[in-house]
Amino acid sequence: MDETRKRAQLRLGLWVFIALIILTVVELWIAFAVPRPLLYLVVINLADAWLIMEYFMHLSRMWRAEE
Amino acid sequence: MQTVRVHVPYDHTHTRRIGLWLFFISEGFLFLALISSRYYLFGLSRPEELNQALGLLITTILLLSSLTAYRAETSILHGDQGMFLRNTLATILLGSLFLVGVALEWAEAFRFFPPHTRFGTIFFTLTGMHGFHVLSGVVLLVFLYFHGRRGRFGVTNTWPVEGVIKYWHFVDVVWVFIYPTLYLVSS
């Protein structure tokens, strides 16, 4: 049971990493293909930061002392 | 009637987490100030001399190091010592590789936009301050690795691992904003 949970958590981490790489590539494409890309870049950066803080830093778990 | 006193040990994890996040918030303001100085001093221009391939490469390396850091934390939470050590070591190597990339960036930057120019000031301050944070993260990870080898962390003692790994992810979050600020923003 614990091993299954561990595998599921590791898989989740991999998916988050893939999402971050895709967002970075999209960011790079927007920077060179779209005129005045600042707003789009900010939105993508916020999505990146949310993914890292929520899934890697466990932000929503902060108030749960037992974990 | 008899009164029974029950001593419930205080769990410090909650307080430690709040303290760590408050530290991240204060650090976030520091980087926010530095990032905003880019727009104040240099506007939305993008120097053509920037090495885009190197910028993308070091960004990928840092994101990959966040994955290995996450795997290290997950494995120690499940008591897998071997996997914890392997992933901590991988994170140290990737962090060091990132610093080598920054050093290469600096070698180019000295030629095209030296520190006394407007973009140079922004570039060296931002990458230097962030690089210093990466370096301190690597030192902390080395500390984790050697203590981990002596079996000091396990299912019942995960806070040092959690604290250092969270710091590493924070350094990654900061880079997520620095990368487009230096390399991608244009008018």
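Read the figures in this text as sums done on the coordinates, not as results from a lab. Small disclaimer: the values here were computed from a predicted structure and weren't measured. Cβ atoms come from the backbone with ideal geometry, glycine included; neighbour counts cover every protein chain shown.
Which net charge results for the neighbourhood of A:Phe32, defined as the other residues with beta-carbon distances under 14 angstrom from its beta-carbon, given Lys and Arg at +1 and Asp and Glu at -1? Spell out each step's value before the answer.
Working: positive: A:Arg36, B:Arg46; negative: A:Glu27, B:Glu48.
That sum, taken over residues with Cβ under 14 Å, equals 0.
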For the protein assembly as shown, convex hull of alpha carbons as volume per residue, Å³: 144 Å³
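Please report the net charge: other residues with Cβ closer than 12 Å to the Cβ of B:Val176, K and R +1, D and E -1.
Every neighbour counted, the sum reads -3.
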Pairwise centroid distance, computed over Cα atoms, of the range B:115-187 with the range B:3-35, Å: 19 Å
Rounded to whole Hz, the Karplus (6.51, -1.76, 1.60) HN-Hα couplings of the range A:22-31, x for glycine and proline: 4, 4, 5, 5, 4, 4, 5, 5, 4, 4
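Need one number: convex hull volume per residue for the range B:20-184, Cα atoms only, in Å³. Intermediate values should be presented prior to the final figure.
Details: hull volume 15.4 nm³, N = 165.
Looking at the range B:20-184, the number lands at 94 Å³ per residue.
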Helix-only [θ]222 nm of chain B, DSSP H runs n ≥ 4, -39500 (n - 2.57) each, per residue, nearest 500: -27000 deg cm²/dmol
